Amino acid sequence: MKYTQQQYLESGFYSDDDIENYKAKIVKCRKEHKCVSGCEVIIKIGEPAFYESGFLEGKPVSAYTCLPCIDAHLDRVNGVYELEAPKWSTNETEKS
Ligand SMILES: [Zn+2]
């Protein structure tokens, strides 16, 4: 996790949608879930995910998003991509 849990919760990933009784939290998956953000990742049992739930037009809805997608979302929100470039200015070594 690159961000604090509070930042994840405040990211409001799906809060643009018309969700009633919207709740968001970081959970450990008890079942496998496909990330809803379109990255096609299966979040495995025991792995953390960003879980959102609520009611859409009276029906219960829920969404699991993998943390890398939330990180990317927060990076965009916070403008980190612009700030981090260029990569070669850091001392980090490449992972192979
Ligand atoms: Zn994802």
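The values are calculated or read from the model by the stated rules, or taken from the named source; none is laboratory data. Model, not experiment: these values are computed from the prediction. FYI the Cβ positions are ideal-geometry reconstructions off the backbone, even for glycines, and counts take in every protein chain you see.
Please go through the stretch 53-80 and pick out each residue that is under 15 Å from Gln7 (Cβ atoms) and part of a strand (DSSP E or B).
Within the stretch 53-80, Thr65 is the sole residue that qualifies.
Suppose we filter the stretch 21-42 for residues that are away from the ligand (no atom under 16 Å from the Cβ) and surrounded by 12 or more Cβ atoms within 10 Å (Cβ to Cβ); how many remain?
2
One residue is enough: does the stretch 46-63 have a residue meeting the conditions at pLDDT 90 or above, farther than 22 Å from Lys23 by Cβ and either buried (at least 16 other Cβ atoms within 10 Å of the Cβ) or within 13 Å of the chain's Cα centre (by Cα) (or both)?
no
Is one or more of the residues making up the stretch 23-43 free of Cβ contacts under 8 Å to residues at least 24 places away in the same chain and within 14 Å of Ser11 (Cα to Cα)?
For the stretch 23-43, residues free of Cβ contacts under 8 Å to residues at least 24 places away in the same chain and within 14 Å of Ser11 (Cα to Cα): absent.
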